[in-house]
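The values are calculated or read from the model by the stated rules, or taken from the named source; none is laboratory data. Given the structure is predicted, the values throughout are model-derived calculations rather than measurements. For neighbour counting, all protein chains shown are included, and Cβ atoms are generated from backbone atoms with ideal geometry for every residue, glycine included.
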Amino acid sequence: MREFRAHYSELREAGVEIAGISTDTPESSREWAGRMNLPFPLLSDEERAAGAAFGVIRRVGIGTWNVEFFKRSTFLVDARGIVVAQWRKVKVRGHAAEVIEMVRVLPGSSAGIRAPSAPPA
């Protein structure tokens, strides 16, 4: 999230819209986005519908409890809503630069590409 915040102007100049998605409540997501000074929205997916659709839900058993959270992932979606690139095993350092590079090499990259990023839970 911090890297996308740091590179926000560069991404916007390239025509990229950014949105983070979290399993937290809308209120918690707004608070977190405010604390992090994110210039882009952090959306709530409490029902995990987007997470299931993108295949990023991870289930972990801890004793008798089961915990679900989103795997850190990034999807680059073009203006038509087509996923044109995806990162399923995101390494935080340098990741925003990877996305910027992909945007630059994709055909039509200045045509309204948006990149929703699923933050760590």
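When the stretch 21-63 is examined, which residues are found to be in a loop (DSSP other than H, G, I, E, B), exposed (fewer than 10 other Cβ atoms within 10 Å of the Cβ) and among the acidic types (Asp, Glu)?
GLU47
Out of the stretch 55-112, which residues are under 27 Å from SER9 (Cα atoms) and charged (D, E, K, R)?
Result: LYS71, ARG72, ASP78, ARG80, ARG88, LYS89, LYS91, ARG93, GLU98, GLU101, ARG104.
Of all the residues that make up the stretch 76-110, how many are free of Cβ contacts under 8 Å to residues at least 60 places away in the same chain and either surrounded by fewer than 12 Cβ atoms within 10 Å (Cβ to Cβ) or in contact with a Pro (Cβ under 6 Å, 6 or more places away or on another chain) (or both)?
9
Mind checking whether some residue in the stretch 42-59 is of a type outside the set (Phe, Trp, Tyr), over 15 Å from the mean Cα position of the chain (by Cα) and at pLDDT below 90?
yes
Output the number of residues of the stretch 9-23 satisfying the condition of being charged (D, E, K, R) and under 14 Å from the mean Cα position of the chain (by Cα).
1
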